[in-house]
1. Is it possible to state the helix-based mean residue ellipticity at 222 nm for the chain, with each DSSP H run of 4+ residues giving -39500 (n - 2.57), the sum divided by total residues, to the nearest 500 deg cm²/dmol? What is it?
2. Using alpha carbon centroids, what distance separates segment 34-53 and segment 54-98, in Å?
3. Using a ≥ b ≥ c from the Cα gyration tensor of the chain (square roots of the eigenvalues), is it rounded, prolate or oblate, where a/c under 1.5 gives rounded and otherwise the larger of a/b and b/c decides, a/b for prolate?
4. Can you pull out the chymotrypsin sites (Phe, Trp or Tyr not before Pro) in segment 1-72 whose DSSP state is coil and whose Cβ has at most 13 other Cβ atoms within 10 Å?
5. Output the relative contact order of the chain, whole-number percent, from Cα pairs under 8 angstrom with separation of 6+ residues.
6. Looking only at trypsin sites (Lys or Arg not before Pro) in DSSP loops with at most 12 other Cβ atoms within 10 Å, what is the longest site-free stretch of the chain?
Amino acid sequence: MALLPLVDPNEFVGLEGITHLCSGGESPWLKRQHTAYDLFSSLKSASYSGRNTIYEHGESCRRKIGQLWKAPANRIGFLPSAAEGMNYLARGIDWQPGDN
């Protein structure tokens, strides 16, 4: 039985001729991310008006995630990385001596 990739390798930048096994902070870039990144970089350079648009995109995303999860948008938060999320989670646990 052949294993099929979750995402077609042709949708990534720079995978020609290599097998990429790294999935952490060095994962390959999706071609479709170019549009979002280009927009973000333009907005980031546009001072206050750009910042306001970035925040509007974030709030729109919060509302959509809230609808998907049936939760109020103000209860949805985004962190800069998975590692940061794990740090928040670990600090929120009431660790006791002997916990592993």
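Computed from the coordinates by the stated procedures, all read-outs in this text should not be read as laboratory data. None of these values were measured; they are calculated from a predicted model. Virtual Cβ from ideal backbone geometry, glycine too; neighbours counted across all protein chains shown.
1. Working: 3 runs with 45 residues, N = 100.
Helix-only estimate at 222 nm: -14500 deg cm²/dmol.
2. The distance from the Cα centre of segment 34-53 to that of segment 54-98 comes to 23 Å.
3. On the way: a/c = 1.84, a/b = 1.05, b/c = 1.75.
Oblate shape, in that a/c is at least 1.5 and b/c is the bigger or equal ratio.
4. Values: sites: F12, W29, Y37, F40, Y48, Y55, W69; in loops: W29.
In loop regions of segment 1-72 (DSSP not H, G, I, E or B), the sparsely surrounded chymotrypsin sites (Phe, Trp or Tyr not before Pro) are W29.
5. Working: 42 pairs, mean separation 11.6, N = 100.
Once divided by the residue count of the chain, the mean separation gives 12 percent.
6. Working: sites that count: K31, R32, K70.
The longest such stretch corresponds to 33-69.
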